[in-house]
Amino acid sequence: MIMQPLELEPSTGFEAVADRRPRMEEPLPVRLIAVADVRLHAMYGQEHLLDPFYAQLLEFVKEGDGQNLIYRGDNFSIHFDWHEGLIDRNSLRPVGIEVESLGILVRKLVEREIEFQFERGLTPGSPCVLMHDPAGNALQVYERRHIG
């Protein structure tokens, strides 16, 4: 059986036009489990350790610099308060973070030799990872669950 080429219909004059609507950014792959921006403590001189951890490992977007170092997630941001000497922590409650894939994060943690431990999550079937950032702040990382 020999296939005959199909004949195309004549053009109707349609021309594509540029979309002038404002472009909406893609959602970031990391979210804070919080109701507002989060403030964490760090000692002066640790700035160079925080970028690889928050911006590269956890995929926050870095904003600000020096005294106003901020890492923005999809919904809220992490702000740092700078201290000299030892930090007196009034709470050991971990900061909740959601990532797209806990498996990928664990692989990155193993590759970078960052200590962590698995924990049971708040609900059945929702494991999480407990770890500390380079400044000693406790973090509890969950995998984002899409519903629907």
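The values are calculated or read from the model by the stated rules, or taken from the named source; none is laboratory data. Note that the coordinates shown come from a computational prediction; the quantities given were computed from them, not determined experimentally. Here Cβ is always computed from backbone atoms with ideal geometry, including for glycine, and neighbour counts include all displayed protein chains. Remember, those area values only see protein heavy atoms, side chains included, never the ligands or the DNA or RNA. Shrake-Rupley method; radii C 1.70, N 1.55, O 1.52, S 1.80 Å.
What are the residues in region 115-128 that are closer than 20 Å to residue 52 by Cβ and surrounded by fewer than 15 Cβ atoms within 10 Å (Cβ to Cβ), if any?
Answer for region 115-128, where residues must be closer than 20 Å to residue 52 by Cβ and surrounded by fewer than 15 Cβ atoms within 10 Å (Cβ to Cβ): just 115.
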Of residues in region 80-105 being under 14 Å from the mean Cα position of the chain (by Cα) and surrounded by 14 or more Cβ atoms within 10 Å (Cβ to Cβ), the one nearest to residue 133 (Cα to Cα):
95
Are any residues in region 1-32 in contact (Cβ under 8 Å) with a residue 40 or more places away in the chain and not in a strand (DSSP E or B), and if so, which ones?
27, 28, 29
Within the set of pairs 6+ apart or on separate chains, which have a first residue in region 70-97 that is farther than 16 Å from residue 58 by Cα, a second that is among the hydroxyl-bearing types (Ser, Thr, Tyr) and open to solvent by 50 Å² or more (accessible area, probe 1.4 Å), and C-beta atoms under 9 Å apart?
82/44; 83/44; 84/44
Cβ-Cβ below 9 Å, separation at least six or inter-chain, first residue in region 36-53 and without any contact (Cβ under 8 Å) to a residue 24 or more places away in the chain and closer than 10 Å to residue 134 by Cα, second open to solvent by less than 60 Å² (accessible area, probe 1.4 Å) and in a helix (DSSP H, G or I): which pairs?
47/66
Expected output for region 107-126 (first residue touching a residue at least 40 places away in the same chain (Cβ under 8 Å), partner part of a strand (DSSP E or B), Cβ below 6 Å, 6+ apart or cross-chain) is 109/116
